[in-house]
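Worksheet: one structure, shown below.
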Amino acid sequence: MARFLKKHAKLFYLMFGIFGFFFVVAACFYITPYSDVAVNYNKEVLDGTVTSIMTKNENLALFCIESEYMSFNSMYQILFGFNQELQTANNMYMMVGVVSLVMLAIMAICSNIGRKKYYISNLVSGVVCPAVSIIMAIVALVFNFLPLGTLSKNYDAINWGALGNQVTYLKAVEQFKSTPVDKSSFAINSTPLIIFGVILILFIVASGLLIAYNVYRYLSTKHELAQERMVEDNE
């Protein structure tokens, strides 16, 4: 077992690096499936110092008026909150990738990847670095759950808002007023968020296995050194 692990040590770190690189790249596409829920806002809106938020959101405002689904402010706040949660989760996703790549670099500097015998520096870096990535991934997973909860709670509103936010909002009004209500154009769902969440969980598991691997390699080295000393003493 020890010989097998030593021979394939680079694969464990390669997988860790692939995850980190994936998170950085995936962060560039995290919000793409939800681009239609984006609303225009400025610093005053973020600070809560203005009450009028209709500027530059004409399509959404007109949809709310034509469909009589809900007030523009209510629809805006739902989309705005959902979008802000997505932005926060997206930033955390990027941070997981960047931090993980930094942690990989630290382990490489400590020679964890190529060293045949593991010493205390390898143990510390091999436990602390993946642990930091696990903590970051758990935080990102929590933030990933927030938009999931918002979408589940406001599924219809977010989808109608996304349709009304488009240039073809009049078609959305027609769909809303049809009998029965036509929801065939609903494109906002939780699948992308669930996939991103599953990947984070897989990364947490992989990082935990990397910690176990480093501990095993250190204990294995400690056992080998003890045997070598016994042989030397017998001689």
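Of all residues in segment 203-222, those being under 29 Å from the mean Cα position of the chain (by Cα) and of a type outside the set (Gly, Ala, Ser) number 9. Here Leu202 meets the list (1) of a type in the set (A, V, I, L, M); (2) open to solvent by 40 Å² or more (accessible area, probe 1.4 Å); (3) in a loop (DSSP other than H, G, I, E, B) almost entirely, failing just condition (3).
One residue alone among Ile158, Ile135 is touching a residue at least 12 places away in the same chain (Cβ under 8 Å) and within 24 Å of the chain's Cα centre (by Cα), and that residue is Ile158.
Kindly indicate whether Ile188 is assigned to a loop (DSSP other than H, G, I, E, B) and among the aliphatic types (A, V, I, L, M). Yes: the conditions hold for Ile188. Given (1) open to solvent by 40 Å² or more (accessible area, probe 1.4 Å); (2) touching a helix residue (DSSP H, G or I) at 6+ places or on another chain (Cβ under 7 Å), where does Asn189 come up short, assuming only one miss? The single condition Asn189 does not satisfy is (2). Take the residues in segment 127-171 that are among the polar types (S, T, N, Q) and in a helix (DSSP H, G or I), then tell me which one is surrounded by the fewest Cβ atoms within 10 Å (Cβ to Cβ). Top of the filtered list is Ser152. Scanning segment 183-198 for any residue that is at pLDDT below 90, among the hydroxyl-bearing types (Ser, Thr, Tyr) and farther than 30 Å from Met107 by Cβ turns up at least one such residue.
The values are calculated or read from the model by the stated rules, or taken from the named source; none is laboratory data. Note that this is a predicted model, so its numbers are computed, not measured. Here the Cβ is made from the backbone with ideal geometry for all residues, glycine too, and neighbour counts use every protein chain on show. Keep in mind that these areas ignore ligands, DNA and RNA; they rest on the heavy atoms of the full protein, side chains included. Shrake-Rupley method; radii C 1.70, N 1.55, O 1.52, S 1.80 Å.
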